[in-house]
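What follows is a single structure, written as structure tokens, with notes after it.
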Amino acid sequence: MQRFSCECGNVLFFESSQCLKCGHDVGFDPGSRTMVRLMPGGAAKWCDNGVRYGVCHWVVPTDSAAKLCPSCALNRTIPDLASERNRRLWGRMEAAKRRLLYTLMEIGITLPGKKQNAKSGLAFDIVSAAANPTVTMGHLNGVITVNLEEADDTYRQINQQQLGESSRTLLGHFRHESAHYFWMRFLSDLPWDDPFRLAFRERFGDEWQDYSTALRHHYENGPPAGWEQNYITGYAAAHPWEDWAETWAHYLQIRDGLETCESLGIRVQNLSLPLVLLPAEAGNLPAMLGSPTDENGEFLAWLQRWMCLSTVLNEVSLSLGESSLYPFVIPVGVARKLRLAHYFAEVWGR
Ligand SMILES: [Zn+2]
Ligand SMILES: [Zn+2]
Ligand SMILES: [Zn+2]
């Protein structure tokens with residue numbers, strides 16, 4: 001995440017809705033990816049979901065017919081707002097979704113809605129499993145479904161414990177499901193021997209293995225012993241599609257985390273820590289992708305900066321009596337998958 005500033009010069013954050021120095025209302029303008037002031041007669045107005053429900057602080061141009069910001073406009077289903085609790089949980093969901101969309105915007109990936117593109121456009125169903133017990137989180141044909149109850153910390157933490165996960169966040173859910181969407185949009189229609197598909201298979205395995213059988217096996221038996229050597233999470237070992245989704249989510253997490261640190265001035269060159277060196281082959285891509293090696297070097301440097309900074313974040317977190325902020329280890333096999341995720345991001349964001 002970037003560091004933002006107000007027209008008065010004061011620092012603002014992505015979630016700011018008012019400048020504490022000049023007192024003006026401020027909101028995020030997705031068009032310019034900056035924070036703007038909201039003035040009477042000004043060029044920007046609040047998204048309608050902000051005005052009516054207080055769940056959004058993005059703005060839309062005053063002269064536009066659109067009432068909803070690009071993030072809220074992607075919603076196909078929202079929870080029943082008669083419940084005050086639903087409203088509160090919905091606000092948390094929207095906040096996480098906006099963070100995902102911000103990173104995707106910054107990568108340069110456009111996100112058409114279903115109205116613009118019925119086949120490969122994107123939509124969100126935000127549904128409460130309390131009201132709809134059959135709902136499951138996931139992606140199907142461009143529609144990402146998330147369970148509103150996951151925005152309840154207790155509910156989510158119980159799931160996290162039961163599933164043995166080291167981390168479970170709303171933002172992580174959105175990032176994970178976005179990977180399934182991008183798989184459908186950018187990869188699923190390519191011929192099986194397309195270089196992208198081959199590179200995918202080489203890293204993540206044979207995606208044709210039966211998905212429901214693989215998932216059932218995972219939930220009955222858990223991840224295989226030694227999964228840490230090849231996967232970023234235990235769930236990633238369930239099926240190549242889930243490995244991809246967990247890897248992509250992790251890629252976005254590193255990208256956002258590193259950007260936040262560096263935009264706020266936490267930089268490796270200021271730390272009294274050595275860079276954690278990965279073996280050089282971690283950055284290699286097959287020659288068929290034709291990626292110049294200096295790009296691999298840049299990627300490796302990027303990953304090393306994160307490994308170094310995340311060590312600092314973990315130490316600070318432990319100093320505060322909390323558990324590690326970043327409870328992950330990146331083995332070489334995972335670094336190679338992250339390299340492919342980075343390559344896909346560069347291509348899709350062009
Ligand atoms: Zn200000
Ligand atoms: Zn909005
Ligand atoms: Zn998944």
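Just so you know, all these numbers are worked out from the coordinates, no wet-lab data involved. Fair warning: this is a prediction, and the values are worked out from it, not measured in the lab. FYI the Cβ positions are ideal-geometry reconstructions off the backbone, even for glycines, and counts take in every protein chain you see.
For Lys67, list the lysines whose Cα falls under 28 Å from its own Cα; do not include residues on the same chain fewer than 8 positions away.
Lys45, Lys97, Lys114, Lys115, Lys119
Of all the Cα-Cα pairs you can form in segment 1-114, what percent are over 26 Å apart?
I get 17 percent for the Cα pairs in segment 1-114 exceeding 26 Å.
Output ³J(HN,Hα) for segment 118-126: one whole-Hz value per residue in order, computed from phi by the Karplus curve 6.51 cos²θ - 1.76 cosθ + 1.60 with θ = phi - 60°, and x for Gly and Pro.
For segment 118-126, the Karplus curve yields 4, 7, 10, x, 10, 8, 10, 10, 10 Hz.
Within the chain, which is the longest segment that contains none of the GluC sites (Glu not before Pro) sitting in a DSSP loop with at most 11 other Cβ atoms within 10 Å?
16-321
What are the ³J(HN,Hα) couplings of segment 200-210, residue after residue, when phi is run through the Karplus curve with 6.51, -1.76, 1.60 and θ = phi - 60°? Round to Hz, x for glycine and proline.
4, 5, 5, 8, 9, x, 6, 6, 7, 4, 4
Gap in Å between the Cα centre of segment 14-66 and the Cα centre of segment 212-238?
43
Taking the DSSP beta bridges in the chain as the whole, what percent of them are antiparallel, to the nearest 5?
About 60 percent, rounded to the nearest 5.
What residues have an amide H closer than 5 Å to that of Leu122, excluding those fewer than 5 places away on the same chain, when H is modeled at 1.01 Å from N in the peptide plane?
For Leu122, the qualifying residues are Gly113, Lys114.
Would you compute, from DSSP H runs of 4+ residues alone, the mean residue ellipticity of the chain at 222 nm, taking -39500 (n - 2.57) per run and dividing by the full residue count, rounded to the nearest 500?
Rounded to the nearest 500, it is -13500 deg cm²/dmol.
Want the number for Leu187 to Glu106: 0.36 nm per residue separation, take away the alpha-carbon distance, what's left?
Length difference between fully extended and current span is 27.1 nm.
Output needed: Cys residues of the chain lacking any neighbouring Cys C-beta below 4.7 Å, sorted by number.
If one checks each Cβ against the other cysteines of the chain, Cys72, Cys261, Cys308 turn up with nothing under 4.7 Å.
Quick one: plug the Kirkwood hydrodynamic radius of segment 309-350 (C-alpha pairs) into Stokes-Einstein at 37 °C, 0.692 mPa s, and report D in µm²/s.
270
I'd like the trypsin sites (Lys or Arg not before Pro) in segment 122-208 restricted to DSSP loop residues with at most 12 other Cβ atoms within 10 Å, sorted by number.
When the trypsin sites (Lys or Arg not before Pro) of segment 122-208 are filtered for loop state and at most 12 Cβ neighbours within 10 Å, nothing remains.
Kindly give the semi-axes, whole Å and largest first, of the ellipsoid equivalent to the chain, taking each as the square root of 5 times a Cα gyration tensor eigenvalue.
Sorted largest first and rounded, they come to 32, 26, 22 Å.
Defining a contact as two alpha carbons under 8 Å apart and six or more residues distant in sequence, what relative contact order in percent does segment 4-69 show?
Contact order relative to length: 23 percent.
Show me, for segment 94-103, the HN-Hα J-couplings you get by feeding each phi into the Karplus relation (A = 6.51, B = -1.76, C = 1.60, θ = phi - 60°), rounded to Hz, glycine and proline as x.
Whole-Hz 3J(HN,Hα) from phi for segment 94-103: 5, 4, 5, 4, 5, 5, 4, 4, 4, 5.
Just for segment 70-189, what percent of DSSP beta bridges are antiparallel, to the closest 5?
Bridges in segment 70-189 that DSSP calls antiparallel: roughly 25 percent.
Given Cα pairs under 8 Å that are at least 6 residues apart, what percent is the relative contact order of segment 191-350?
Relative contact order comes out at 27 percent.
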